[in-house]
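First the structure, in the form of structure tokens, and then the observations on it.
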Amino acid sequence: MIAGRRLRLGLLTLAAGLAGVVLAGVALQTAAHPGLRRRWDWTAEGSAGLGARTAAALRELPEGSRATVFLFPDDPRLSWNGSAVYPKAFARLRSLLVDAAVHARGRLQVEVLDGASPLVAVERARTRLAHQAGEVLVLETPARRQVLRFEQLFVASQPDPRTGAPARLLEERVDDALGDAALQLGRDRAPKVGLLGGAPESRDQAARELFEVLRAEGFAPGWVETAESLRDQDLLLFPGQPLPLAPSLAQAVEDWLSADRPLLLALGAPAPDGVVAAWNLRLAELGVVIGAGMVCQPVAGQIGLNRCVILEIPAHSLQAAHPATRALAESGRGVVLRLARPVRLGAGGGGHLRTELLWTTQDAWIDRYPDAVFAPGAERGLTTLGVAAERLDGSGRVLVLGSTSAFYGALDLALDRDLVVASVRWLLGDEDRAAGLVGVQSLPFRLDASAAARLSNLAVLALPGVIFLLGLIVFVRRRR
Amino acid sequence: MRAFFALWRREVHGLLVAPFVYLLLGFWFLLNGLMFTYLLTYEREVQQDLGLLAPYLFGSGLLVWLLLPTFPPLLTLRLLAEERRIGTLEPLLTAPIGDAAVVIAKYLAACVFFLIFWGGVAALFLLLAAFGAPLPWGTVAAGMCGALLCSLLFLATGLWASSWGGNLLLAAGGGAALNYLLLFLPVLFEHDEGWLGAVARAAHIPNMLDRGFSAGLIDSYAVTYFLALAALFVYLAWVRLVSRRWVP
């Protein structure tokens, strides 16, 4: 009888409990509905959440979209001397991505990977996305992908070892960058990048590595084989040209330039003279001249240690005023170019705005290629290695680089990836917009020794002490 | 209603004259004070940017992982378990007041009393402001709001654990264990690709605090989560108390 009562009691209690659990589950399911979910921003700047433009772009993402965030402090300069750059930037990203998932109304799955994440999960994501150092956010749809690097999301000052001042987070553009990426992914089609020229023996390699980089940025790369297939492209890219173009293709390229369509041309020191001469003719109107020979410079200014095959171009030798090199120059990162030839400004027709993008030191000189002998009469001094030109209205963008190495080989691509990507973006009119930058409030505060001692005494001794005293009084009074 | 308020006042008074509660409060103030001064004195990132104080304190620090899960059950253990142990629960349940009112009055008394706990933390921020620190008050308020909502949930789990019997150790330990389960289980399964991962991510309290409240963002889902679960555990405590009468 008692056992039967206990059983009935247990079952009834269980049923009542389960009813409560179901009710709570329904309430939570309803609250989680994207249409009903709201977020309120209590920060002083009112910028803790994503803007309306980004929210709308996220809602347009296809089902199955994912955002993977890698929160690892890759640049030791930004962590030096207790810098708050990474903790603050990562806290901001964590919060904004929750906001992004809410705004995407169930279309975006967010995965945050950091030092506390299981190694298996981190490695799995790194392998799947071919993740490289510095890449923070990968936004992807089932078909395409956009990769955002730390420098594209945040602007930080550099640390000063002389004064001991650590790096500081100055500005951020997470909202705009996320919006741009979502808009690009939401487009009907990815901008087509047509590749022409290129060394035949390294085509496969370029197709694998360069194509991977371009696809990661939301572009659709492909080799152009005929004049007809050139017409469908949005950007023409020459990662070197070892042979002259077939007449039909040469005519198509000239038509392309006449139509003010964007071109990225890279010709290194090994490019044949005939090819260089043909390009100099085509680019004469723009005022861009591709020079002869191989550029060399001493390593770190030391005589006797010369570099011709590999040129290290530091950040201060990159143009900070041009979108193609701005991010590199501002973040203090240089590029590495192999077998480079000079690219200079020429007379031109006067209808183009031209910018020198990167240059050597004053100690550079030009050797003959391939025997690396100083050519009599060859010039010495600062040598330009890349030039960008565009019409005054922003159309007809052309960028010429004096080296092809940025487009080949995993190592060079990793080193010069930002140069390639920023150049392609600028040529397609997708360069970063400074308007998206939002100031980040920094609140440095350090107590002097006496103030710290007073605060510590009040917080650790006075406040708890008063409570313990009150407890003692209550205890004594109750005993009486 | 008058009986309800009388009972609520009795519960608050009971907490105010219990020396054990002052001991608890004193330790809460002491540990929070230690954490606060540690962050300000030794955490260089916080010195570089006070905007990190709220995320470090309310988002991912010891407060969330150590103090929040353990202190509320210590406060609630006496609400039902001690009454049962000293034999005053039965007379209370036979008094002319609904059983639900008894449970809610006890829970609300604990909630109101826990505000004093949070008052101590707020006092630390006021103290810091008095020293001239430029504080992001919106973020601090949001972080505190999240921690307060979390403590409402943990007080409710404590109340439920207190309803299990007259054993005070079981009440306190059970409540703390439940709180740790609520904190840890979602962390363990959040990377699962299936439905378990989806549930874990939706129930991830540290993420709600770290990526929402302590960043200055109040999320309607997180608010609902804390309140709905708190209501569920209060309901379960009521079920535990009254279910014996359902079967004669």
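Per residue of B:52-63, what is the mean number of Cβ atoms on other protein chains within 10 angstrom of that residue's Cβ? Don't skip to the end; give the middle numbers.
Numbers: counts 5, 2, 1, 7, 2, 0, 0, 3, 3, 0, 0, 0.
For this peptide, the per-residue mean of nearby foreign Cβ atoms is 2.
A simple packing score, the average count of other Cβ atoms within 10 Å per residue, orders the peptides B:69-76, A:85-92, B:162-169 as B:69-76, A:85-92, B:162-169, with the highest score first. Ranked from largest to smallest solvent-accessible area, with a 1.4 Å probe on the protein heavy atoms, A:Thr127, A:Thr54, A:Thr355 come out as A:Thr127, A:Thr355, A:Thr54. A loss of 10 Å² or more of accessible area (1.4 Å probe, protein heavy atoms, ligands and nucleic acids excluded) relative to the isolated chain is seen in these residues of region A:458-473: A:Leu458, A:Ala459, A:Val460, A:Leu463, A:Pro464, A:Ile467, A:Phe468, A:Leu470, A:Gly471. For A:Phe72 and B:Tyr42, a Förster radius of 30 Å and the Cβ-Cβ distance give a FRET efficiency of 0.80, rounded to the nearest 0.05.
Report, to two decimal places, the Cα Rg of region A:49-196 normalised by 2.2 N^0.38 Å (N = number of residues).
Details: Rg = 16.2 Å, N = 148, 2.2 N^0.38 = 14.7 Å.
For region A:49-196, the normalised Cα radius of gyration comes out at 1.10.
Here the spin labels are modelled as points 7 Å beyond Cα on the Cα-Cβ line, and at A:Arg53 and A:Ala121 they lie 3.3 nm apart. Note on region A:16-87 and region A:316-333: Cα centroid distance 32 Å, given to the nearest whole angstrom.
Grab the beta carbon distance between B:Val12 and B:Asp192, set R0 = 45 Å, and tell me the FRET efficiency rounded to 0.05. Working shown, then result.
Working: r = 43 Å, r/R0 = 0.97.
E(calc), rounded to 0.05, equals 0.55.
Take every DSSP beta bridge with both residues inside the protein assembly as shown and express the antiparallel ones as a percent of the total, to the nearest 5. Of all bridge pairs located within the protein assembly as shown, approximately 65 percent are antiparallel. Once both labels are positioned 7 Å from their Cα atoms along Cα-to-Cβ, the gap between A:Arg480 and A:Gln441 label points is 5.0 nm.
Span-like helices, chain A: DSSP H, alpha-carbon axial extent 30 Å or more, mean Kyte-Doolittle 0.0 or greater, which ones?
Numbers: long enough: A:2-31 (43 Å, 1.32).
In chain A, the long hydrophobic H runs are A:2-31.
What distance in nm separates the two pseudo spin-label positions at A:Arg105 and A:Ala292, each 7 Å out from Cα along the beta-carbon direction? So the two model labels end up 6.5 nm from each other. Note on region B:2-245: dipole from Cβ charges, positive end direction compared against B:Val121, B:Leu7, B:Val187; the farthest Cα belongs to B:Leu7.
Over region B:2-245, what is the mean sequence separation of C-alpha contacts under 8 Å (at least six apart), divided by residue count, expressed as relative contact order in percent? Relative contact order here is 28 percent.
Distance from the alpha carbon centroid of region A:250-267 to that of region B:146-199 works out to 66 angstrom. For A:Glu60, the accessible surface of its heavy atoms amounts to roughly 130 Å² (probe 1.4 Å, protein chains only, rounded to the nearest 10).
Compare B:His191, B:His204, B:His13 by solvent-accessible area with a 1.4 Å probe and give them largest first, with all protein chains kept in place. Show your work: numbers first, answer last.
On the way: B:His191 40, B:His204 5, B:His13 110 Å².
Descending order: B:His13, B:His191, B:His204.
Please work out the FRET efficiency for the pair B:Phe184 and B:Ala100, using the Cβ-Cβ distance as r and a Förster radius of 30 Å; give the result to the nearest 0.05.
Working: r = 31 Å, r/R0 = 1.04.
After rounding, the FRET efficiency stands at 0.45.
For the peptide B:129-138, the mean number of other protein chain Cβ atoms found within 10 angstrom of a residue's Cβ is 4. Helix-only arithmetic for chain B: the sum of -39500 (n - 2.57) across DSSP H runs with n ≥ 4, divided by the residue total, places the mean residue ellipticity at 222 nm at -23500 deg cm²/dmol. In the context of the full set of protein chains, residues of region B:2-245 present 36 Å² of accessible surface per residue (probe radius 1.4 Å, heavy atoms only).
Based on every Cα atom in chain A, Rg and the maximum pairwise Cα distance Dmax equal 29.6, 114 Å.
Between the listed residues A:Pro298, A:Trp426, A:Gly349, the Cα displaced farthest toward the positive end of the dipole of chain A, a dipole computed from Cβ unit charges relative to the Cα centre, is found at A:Trp426.
First compute the accessible area of the protein assembly as shown with a 1.4 Å probe, then give the percent of it belonging to carbon and sulfur atoms.
Working: 19510 of 31180 Å².
Roughly 63 percent, rounded to a whole number.
Evaluated with a Cβ-only charge set (Lys, Arg +1; Asp, Glu -1), region B:2-245 carries a dipole of roughly 900 debye about its Cα centre, given to the nearest 20. Accessible surface comparison of B:Cys145, B:Cys150, probe 1.4 Å, protein chains only, largest first: the order is B:Cys145, B:Cys150.
Using the Cα centre of region B:18-122 as the reference point, and only Cβ charges (+1 on K/R, -1 on D/E), how large is the resulting charge dipole? Debye, rounded to the nearest 20.
On the way: 5 positive and 7 negative charges, 37 e Å.
Magnitude of the dipole: close to 180 debye.
Antiparallel beta bridges, as assigned by DSSP with both residues in region A:96-238, represent about 55 percent of the total such bridges. Excluding ligands and nucleic acids, what accessible area in Å² is computed for B:Thr41 using a 1.4 Å probe, to the nearest 10? The accessible area comes out at roughly 60 Å².
Quote the relative contact order of chain A in percent (integer), defining contacts as alpha-carbon pairs under 8 Å separated by 6+ residues.
Working: 843 pairs, mean separation 59.0, N = 480.
That works out to 12 percent.
Within the protein assembly as shown, the cysteines lacking any other cysteine Cβ closer than 4.7 Å to their own Cβ are B:Cys111, B:Cys145, B:Cys150. Take B:Phe27: with every protein chain present and a 1.4 Å probe, its accessible area is about 100 Å². Calculated from DSSP H runs of 4 or more alone, at -39500 (n - 2.57) each and per residue, what is the 222 nm mean residue ellipticity of chain A, nearest 500? Computed ellipticity for chain A at 222 nm equals -11500 deg cm²/dmol. Between B and A, roughly 5800 Å² of accessible area is buried in total, ligands, DNA and RNA not counted and the probe set to 1.4 Å. Just name one of A:Gly465, B:Leu149, B:Phe226: the one whose Cα is farthest towards the positive end of the charge dipole of the protein assembly as shown (beta-carbon charges, Lys/Arg +1, Asp/Glu -1). After comparing all options, I get A:Gly465. Put a plus charge on the Cβ of each Lys and Arg, a minus charge on the Cβ of each Asp and Glu, and nothing anywhere else: the dipole of the protein assembly as shown about its Cα centre is then about 3960 debye. Segment A:Leu470..A:Asn81, full-extension length gain: 135.7 nm, with 0.36 nm per residue of separation and the alpha-carbon distance subtracted.
The values are calculated or read from the model by the stated rules, or taken from the named source; none is laboratory data. This structure is a prediction, so every number in the text was calculated from the model and none was measured. Here Cβ is always computed from backbone atoms with ideal geometry, including for glycine, and neighbour counts include all displayed protein chains. Surface accessibility is based on the protein's heavy atoms, side chains included, excluding ligands, DNA and RNA. Shrake-Rupley method; radii C 1.70, N 1.55, O 1.52, S 1.80 Å.
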